[in-house]
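Visitor: Below is one structure. I have some questions about it.
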Amino acid sequence: MKGLGAVTSHPVPDNRREHFRADLNVSRLVTHFFETRLQPRLKNGEERLNLTIQLARAAEGPGEANESVEVLSRIKALQKWQKRGRGILPLIMKWLRR
């Protein structure tokens, strides 16, 4: 819950235990999730797709042209969805912050 920003720690005098207070602002929670979890994963996914394209092109061999064209077209379709996701995320975050 702390990692998602749903709770914050606050000290209680004369008590060594960790006490928490809930954050009930849903838009702040969702924004925090997008910024700390979703955006890094989208970026990592983009890097992995680029690497996968390089590997698919490097693995092309004689007689495998049809297979590699199919693989590359599927990877490019994934890249298209990746780009859409990264494009819409700032709009969602802007909407949440208003």
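Laboratory data are not the source of any read-out in this text; all were calculated from the coordinates shown. Please read these numbers as outputs of a predicted model, since none were measured by experiment. Here the Cβ is made from the backbone with ideal geometry for all residues, glycine too, and neighbour counts use every protein chain on show.
Visitor: Filter the DSSP H helices in the chain by two things, a Kyte-Doolittle mean of at least -1.0 and an axial alpha-carbon span of 18 angstrom or more, and list the hits by number. Show your work: numbers first, answer last.
Guide: Values: long enough: 39-58 (29 Å, -0.89); 65-97 (48 Å, -0.32).
For the chain, where a helix must reach 18 Å along its axis and average at least -1.0, the hits are 39-58, 65-97.
Visitor: Report the charge-dipole magnitude of the chain in Debye, nearest 20, computed about the Cα centre from +1 at each Lys and Arg Cβ and -1 at each Asp and Glu Cβ. List each step's numbers first, then the result.
Guide: Details: 19 positive and 10 negative charges, 118 e Å.
For the chain, the charge dipole is close to 560 debye.
Visitor: So what is the 222 nm mean residue ellipticity for the chain from helices alone, if each DSSP H run of at least 4 adds -39500 (n - 2.57) and you divide by all residues, rounding to the nearest 500 deg cm²/dmol? Don't skip to the end; give the middle numbers.
Guide: Numbers: 3 runs with 61 residues, N = 98.
Per the formula, -21500 deg cm²/dmol.
Visitor: Quick check on the exposure proxy: order Asp23, Asp14 from fewest to most C-beta atoms within 10 angstrom.
Guide: Numbers: Asp23 15, Asp14 5.
With the fewest neighbours first, Asp23, Asp14 line up as Asp14, Asp23.
Visitor: Within the chain, how many lysine pairs that are 8 or more places apart, or on different chains, have C-alpha atoms less than 26 Å apart?
Guide: Values: Lys2/Lys43; Lys2/Lys94; Lys43/Lys76; Lys43/Lys80; Lys43/Lys83; Lys43/Lys94; Lys80/Lys94; Lys83/Lys94.
Taking the chain as the scope, the lysine pair count is 8.
Visitor: Whole Å is fine, so just give me how far the alpha carbon centre of region 81-98 lies from that of region 1-17.
Guide: 31
Visitor: Using only the Cα atoms, what convex hull volume per residue in Å³ does the chain have? Please report the intermediate quantities before stating the final value.
Guide: Numbers: hull volume 11.0 nm³, N = 98.
Per-residue hull volume (Cα only) is 112 Å³.
Visitor: Using the Cβ atoms and a cut-off under 13 Å, what net charge is assigned to the surroundings of Thr52, where Lys and Arg are +1 and Asp and Glu are -1?
Guide: Neighbourhood net charge equals +2.
Visitor: Now a separate question. To make sure I understand, if each residue's beta carbon is the centre and we count other beta carbons within 10 Å, what order do Thr8, Thr31 fall in, fewest to most?
Guide: Values: Thr8 12, Thr31 18.
If I rank by nearby Cβ atoms, fewest first, I get Thr8, Thr31.
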